[in-house]
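All remarks here apply to the structure that follows.
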Amino acid sequence: MTHRDQASDIAALLYPLPEPGTVEPAEAFDDAVDEIRRRQDDCAEQLRNTANAAASDVLLEVLAAEAAIKADADARMRLLLGYARHFVAPGGYPLDTLAAACHLTDRGVSKIANAQIDNVARVLGVPPVGGKQLGDRSDAGQDDTDLRELARTTADSLRTLELNDKDTCSSLAQTLQDAGIEPHMHGDQLAPTPPIRLTFGASHREILEAGVKNSTATRNQLRILSTWPTHMRIEHQLGILLPTLLNPTPSPSSASFLANVRDDLRKLCDLDD
């Protein structure tokens, strides 16, 4: 069996040669192929040098780099959606236009754009057009039927979800993100108090005090949650689930966690504001 040059293979995947008929004008095809081959050769040489210098797995290094590029691109897209929706006069781009450009739903665009208002304002140093505020839902253009349906389908998926099935977890996470769900959504409005963690050898008094303070913090969060409209509570619950789907790590408590999220989503779907 012939041993393949991994660096050359990776370079070919990163810089694939154009197919005949895809280059305009047609007479420029050979020049385009030559240019891509030069890029492949340069890339392969850099990969070999990196592997030799750091004694690292070059394929894993490239995958990590591409994942970082994807995350950066996603962050830039979110900022641009916030800008297009809330900072372009007179009234921002329509939701359906932005949704079509990004392959998202109208609701997903609305959620992402609203969440980026403060970030865009900070970068540009200007307020949004019309003084829109973070969390403004008036431009959603629809009721919460689709959000409740998302919660129902997610709850159904959790009945059989296994965290070692990374493909299914990734697919479900992408569905939530496309709908505008973000990790720990609205969690900043709970004013969370970090739980008191005891060290080994804590006294009986310290244990009691920690228990009281932790219980009080939990009750305060539940009280705040009870004042939220149903759509906000559903988004928060989906936001609690999302980090686990993005980084699925099976543990003894996984089944209990997924069951609790599933039950909470089902209950929220049946609530009326």
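Summary of values
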item: Accessible surface of the range 1-51, 1.4 Å probe, proportion on carbon and sulfur as whole %; result: 51 percent
item: Spatially proximal aspartates and glutamates relative to Lys111 (Cα-Cα < 12 Å; intrachain offsets below 8 disregarded); result: Asp136, Asp139, Asp178, Glu182, Glu235
item: Sequence ranges 26-37, 81-92, ranked by mean other-Cβ count within 10 angstrom, highest first; result: 81-92, 26-37
item: Where the Cα pairs of the range 50-109 fall when distances are cut into 10 Å bins, in %; result: 20, 33, 19, 15, 11, 1
item: Net charge contributed by nearby residues that have their C-beta within less than 11 Å of Arg152 (K/R +1, D/E -1); result: -1
item: Protection-proxy order for peptides 246-254, 116-124, 177-185, each taking the mean of Cβ atoms within 10 Å per residue, highest first; result: 177-185, 116-124, 246-254
item: Among 100-111, 233-244, the order from most to least packed when residues are scored by Cβ within 10 Å on average; result: 233-244, 100-111
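The values are calculated or read from the model by the stated rules, or taken from the named source; none is laboratory data. It should be emphasised that the depicted structure is a prediction, and the values quoted were computed from it without experimental measurement. Quick reminder, even Gly has a Cβ in these numbers, built from the backbone with ideal geometry, and neighbours come from all protein chains shown. These area figures cover heavy atoms from the full protein model, side chains too; ligands, DNA and RNA do not enter into them. Shrake-Rupley method; radii C 1.70, N 1.55, O 1.52, S 1.80 Å.
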